[in-house]
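Chemist: Got a structure for you, questions after.
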Amino acid sequence: MKKIVLSKTDLNKIKQNKMFESYESNVYIINENEQKKVIKIFNKNIDLNNKLKKICLIKERLNNFNNVVTASEIVYYEDQFIGYTMPYIEGKNIDSYYLKRKKDIIKILKKVSDTLKELHKKNIVCGDFQNNILIDKLDNIFFIDHDNFSIDNIPIDTKNVYLKKYMKHVGIFDERFDNYLLNLLTICLLNNSYILYTFDMHYTTIDCLLFKDKEINNIIKNTINLNGEYNEDLIIDKLNTKKDLKKIKRKLF
């Protein structure tokens with residue numbers, strides 16, 4: 001991967017274009033040859049050696065994998081690794097899709113499901129994808145913030161409220177957590193709700209899904225396990241009524 005070294009002047013110029021700030025990093029937009037790209041610079045409290053190892057490993061494993069936005073260059077300042085650049089994606093967060101038609105929502109969820117399957121085959125777990133999926137004008141999906149993913153024996157960096165509750169009940173972190181989040185995202189988007197944080201969530205095993213309606217059981221099992229195909233008409237029909245949705249909330253949350 002290409003390495004770039006920033007001068008103090010370069011760094012100060014970049015910092016004038018802040019896009020996002022978090023506990024672990026600052027994200028900026030820069031223009032290069034009339035094209036936008038994103039640069040993520042980590043804060044001093046981050047384990048930079050761990051980040052660099054993870055970024056390079058994920059980049060290697062996801063080479064030619066178009067649905068995850070990986071690093072283009074690693075960035076140094078005064079002989080110290082400080083961050084990386086990545087392509088700029090013009091798109092909206094998946095949370096905004098709650099206003100779309102349910103058939104369109106299901107198509108997007110299917111793309112998310114297929115992407116997660118492929119990542120899990122490569123021993124990669126996202127852990128916080130509902131806030132880190134962008135959708136462009138052509139309804140292509142892109143997973144961002146890959147440096148927070150878990151890969152092999154390198155753990156996830158994000159300690160969100162979902163993960164803490166899940167770990168309390170399960171005790172291990174693996175692809176089941178992604179499947180759990182996909183289930184939550186499915187229910188929320190189809191219920192035209194964009195605020196996932198309003199739910200008091202508790203991990204539920206497949207064995208607890210004992211609705212009288214077997215078709216609802218199969219829908220939820222598919223979102224949890226990523227097995228089978230989404231049945232658009234069935235999901236829309238079953239989850240479109242308040243009665244059915246209440247049953248699902250009562251069992252899952």
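Chemist: Per the 1.4 Å probe, what fraction of the accessible area of region 1-131, in percent, lies on carbon and sulfur atoms?
Modeler: Whole-percent figure for carbon plus sulfur exposure: 45.
Chemist: Sticking with this one: Listed here are the pairs Lys100/Lys168; Lys54/Lys100; Lys121/Lys165; which of them are more than 30 Å apart at the Cα?
Modeler: Lys100/Lys168; Lys54/Lys100
Chemist: Given a Förster radius of 30 Å and the C-beta distance between Lys168 and Asp95 as r, what FRET efficiency does 1/(1 + (r/R0)^6) yield to the nearest 0.05?
Modeler: 0.75
Chemist: Please list 3J(HN,Hα) in residue order for region 181-187, calculated via the Karplus relation 6.51 cos²θ - 1.76 cosθ + 1.60 where θ = phi - 60°; whole Hz, with x for glycine and proline.
Modeler: Couplings: 5, 5, 4, 4, 5, 4, 5 Hz.
Chemist: Report the local net charge at Tyr28: Lys and Arg +1, Asp and Glu -1, summed over other residues whose C-beta lies under 13 Å from its C-beta.
Modeler: +3
Chemist: On a 19 Å Cα-Cα criterion, which of the cross-link pairs Lys40/Lys107; Lys15/Lys36; Lys103/Lys137; Lys18/Lys44 come out too long?
Modeler: Check vs 19 Å cut-off fails for Lys40/Lys107.
Chemist: Let me ask you something else. Would you kindly state how much longer the chain becomes between Asp47 and Asn140 on full extension, computed as 0.36 nm times their sequence separation minus their alpha carbon distance, in nm to one decimal?
Modeler: Stretched fully, the Asp47-Asn140 segment lengthens by 30.2 nm.
Chemist: Related question: Rounded to the nearest 0.05, what FRET efficiency do Glu73 and Lys103 give with R0 = 35 Å and r taken as the Cβ-Cβ distance? Could you check?
Modeler: 0.30
Chemist: Name the residues whose placed amide hydrogens come within less than 5 Å of the amide hydrogen of Tyr76, ignoring near sequence neighbours (fewer than 5 apart) on the same chain.
Modeler: When sequence neighbours closer than 5 places are left aside, the close amide H contacts are Ile4, Val5, Leu6, Ile82.
The values are calculated or read from the model by the stated rules, or taken from the named source; none is laboratory data. In this text, all values refer to a predicted model and were calculated from it rather than measured experimentally. Neighbour counts are summed over all protein chains in view; Cβ atoms, including those assigned to glycine, are modelled from backbone coordinates with ideal geometry. Quick note on the areas: whole protein, heavy atoms, side chains included, nothing else; ligands and nucleic acids left out. Shrake-Rupley method; radii C 1.70, N 1.55, O 1.52, S 1.80 Å.
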